[in-house]
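The values are calculated or read from the model by the stated rules, or taken from the named source; none is laboratory data. These numbers come from a predicted model, not from an experiment. All Cβ positions, even for glycine, are placed from backbone atoms using ideal geometry, and neighbour counts span all protein chains on display. In case anyone asks, the SASA skips ligands and DNA or RNA and just uses the protein heavy atoms, side chains included. Shrake-Rupley method; radii C 1.70, N 1.55, O 1.52, S 1.80 Å.
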Protein chains: 2
Amino acid sequence: VTFRDKLAAAVVHNRSLLCVGLDPEPARLPAAVAGRDDGVLEFNRRIVDATCDLVCAYKPNFAFYGSLGSRGWATLEATLSHIPSSVPTILDAKVSDIGNTAEHYARMAFDELGADALTVNPYMGRDAVAPFLARRDKGVFLLCLTSNPGAADFETQAGADGPLYLRVAQQAQQWNQAGNAGLVVGATRPEAFSELRALAPGMPFLVPGVGAQGGDLDAVVRHGRDTDGAGLVINASRAVLYTSGGEDFAGAARRAAEELRAAIERCRATTG
Amino acid sequence: VTFRDKLAAAVVHNRSLLCVGLDPEPARLPAAVAGRDDGVLEFNRRIVDATCDLVCAYKPNFAFYGSLGSRGWATLEATLSHIPSSVPTILDAKVSDIGNTAEHYARMAFDELGADALTVNPYMGRDAVAPFLARRDKGVFLLCLTSNPGAADFETQAGADGPLYLRVAQQAQQWNQAGNAGLVVGATRPEAFSELRALAPGMPFLVPGVGAQGGDLDAVVRHGRDTDGAGLVINASRAVLYTSGGEDFAGAARRAAEELRAAIERCRATTG
């Protein structure tokens, strides 16, 4: 089953465009798991168990596992294995490298870790993206317009055909022969969603920045939704993971995920 | 000791601007080590033992270890530990992410793996680079103009102040308050070295593409060298690692490294 089909099925089955970012920080682990040797893994397991009927995807960010050393790699593997196979996984590693090396990253993400999709930094161009897109059953989200202030340094700088991020979207559309490309578009820039959706119909947008970063959910859904009403994978990490440090942190995470899912569904209903 | 000082000392001590890329491919391992459980690590160890008096740095690319799964992480750790502490190490992971997440990558590269320097993709801008530059004792090489054909897709595209890669170099120069920034500049584009060196005096350039990719060594040294005659970290991977599949593959690698080092030194002498 392809990432695309798996995502579509999870969106329908869980009535959700919400993606939960599995970015565990040891310093923020609730007391209930903090003392354990496998505290990070147990935290992830309980978050997944509490939310897996509410999400369309999970997105672990590689950095949070890499910073734990070799234990981190094992934790990432075990976390990905624990996620029900009906929910697609997006490994957020923002990788970039040329042909032969990119193939090694594809093997790492898709074969070794078993992720269904991967984030890729497009800076190096076509031959740094092609080896990922060649894995037709896997999803490839190219960084386009990110949610951080630094996006103004290069991404929104004007070139001959408009800002760099639009050129990235145009190229992604051209390269998307297998229909497995997507774009990362930050929720903090809702004004960009209309033009990107017009440029890239049918392409899923991975949208960070609605939770802790304060993006405008209504504008994202209004301007970013695709003709089928979906096409958005709206990520929240801290806003779901760390709502409670108490014994019932997983229950609190579930309630936060339910509220976010419902808020997104309200936007979908009113902008339909 | 800072990366900068360690690099300068290795350049002088080994009379070398040559960096060897430790990018082991299981399918290309010589028979002498291919059968071993720790074949990749043993290959790296023998390459390092055979070349460590000839190089100014080693550059393992993370992808080649990530594609080996959890064994790969351990192999990368053990490889980095095996490199003599007098030779600086550059982890080539081309990472990019925002503030908090970037800090986790810094911890992974510098604290968990113990690398002296890291490659970083600048696409996301200032706040995706700052957490690395804040590690003042570590080196941070920003992708600028890479050696692959895809560099034409975005890197060399014209913006208001010239091509994107020049803007990256200008920004890097501004951000380089601690003197620990460097640039990745591909050897296949020697015409760019003069303008980049003029823009970024004192900044080390990490230069891939002289070996298998066929860059022009003389032009790189002529236009890229700094006022002190150094400022270049010229990387070769396949051209050193895989010159022989025979029993004495490490000896063959040493001869290839000696030849490359000598060729670079001849360029330095004639362009001085």
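Solvent-free Debye calculation, one equal scatterer per alpha-carbon of the range A:134-189: log10 I(q)/I(0) at 0.15, 0.26, 0.28 Å⁻¹ equals -0.45, -1.00, -1.08. When the convex hull of its Cα atoms is viewed from all sides, the range A:48-126 shows a mean projected area of 5.7 nm². Amide H to amide H distances under 5 Å link B:THR146 with B:GLY186, where only residues 5 or more positions off or on other chains count and H is placed in the peptide plane.
So what is log10(I(q)/I(0)) for the range B:111-152 at q = 0.19, 0.22, 0.24, 0.34 1/Å, when the Debye sum runs over its Cα atoms only? For the requested q values the scattering log ratios are -0.64, -0.78, -0.87, -1.22. The length gained by stretching the chain between B:SER85 and B:LEU199 to full extension, at 0.36 nm per residue less their Cα-Cα distance, is 37.9 nm. Neighbouring Cβ atoms from other chains, within 10 Å of the Cβ of residues in B:85-98, number 4 on average. Phi angles across the range A:243-248 convert, under the Karplus curve 6.51 cos²θ - 1.76 cosθ + 1.60 with θ = phi - 60°, into 3J(HN,Hα) values of 7, 8, x, x, 4, 9 Hz, Gly and Pro given as x. Note that chain B presents 34 Å² accessible area per residue, ligands and nucleic acids not counted, probe 1.4 Å.
Across the range A:112-254 the C-alpha pair distances fall into 10 Å bins from zero in the proportions 11, 39, 33, 13, 3, 0 percent. Comparing A:PHE249, A:VAL210, B:ALA160 along the charge dipole axis of the protein assembly as shown, the residue lying farthest to the positive side is B:ALA160, per the Cβ-charge model. Placing unit charges on the Cβ atoms of the charged side chains and taking the dipole of the protein assembly as shown about its Cα centre, the candidate lying farthest along the positive direction among A:GLN170, A:THR2, B:LEU41 is A:GLN170. What is the calculated FRET efficiency for A:ARG266 to B:THR270, with r their C-beta to C-beta distance and R₀ = 56 Å, to the nearest 0.05? Here the calculated transfer efficiency is 0.20.
All C-alpha pair distances within chain B, sorted into 5 Å bins from zero, spread as 1, 6, 14, 18, 20, 18, 13, 7, 3, 1, 0, 0 percent across the bins.
Mean projection of the Cα convex hull over all viewing directions, computed for the range B:1-145: 8.8 nm². Remark on the range A:107-147: accessible area falls by at least 30 square angstrom from chain-alone to full-complex state for A:MET108, A:GLU112, A:ASN121, A:TYR123, A:MET124, A:ASP127, probe 1.4 angstrom. Taking every lysine pair in the protein assembly as shown that is 8 or more places apart or spans two chains, those with Cα atoms closer than 13 Å amount to 5. Rolling a 1.4 Å probe across all protein chains gives A:CYS267 an accessible area of roughly 10 Å². Cα convex hull, the range B:1-64: 98 Å³ per residue, rounded to a whole number. Expressed as a whole percent, the accessible surface of the range A:151-272 that belongs to carbon and sulfur atoms is 48, based on a 1.4 Å probe. Just the number, please: buried accessible area between B and A, total of both chains, 1.4 angstrom probe, nearest 100 square angstrom. Looking at B and A, the buried total is near 4700 Å².
For B:ALA262, neighbours were defined as the other residues whose beta-carbon sits under 14 Å from its Cβ, and their charges (Lys and Arg +1, Asp and Glu -1) total +1.
Each Lys and Arg adds +1 at its Cβ and each Asp and Glu adds -1 at its Cβ; summed about the Cα centre, chain B shows a dipole of about 340 debye. Dividing the C-alpha radius of gyration of the protein assembly as shown by 2.2 N^0.38 Å, with N its residue count, gives 0.96.
Counting protein heavy atoms only, the range A:8-87 has 51 percent of its accessible area on carbon and sulfur, 1.4 angstrom probe.
Buried by at least 50 Å² relative to the chain on its own: which residues of the range B:149-197 qualify, computing accessible area with a 1.4 Å probe on protein heavy atoms? Residues losing area: B:ASP153, B:PHE154, B:LEU164, B:ARG167.
Enclosing the Cα atoms of the range A:78-159 in their convex hull gives a volume equal to 107 cubic angstrom per residue.
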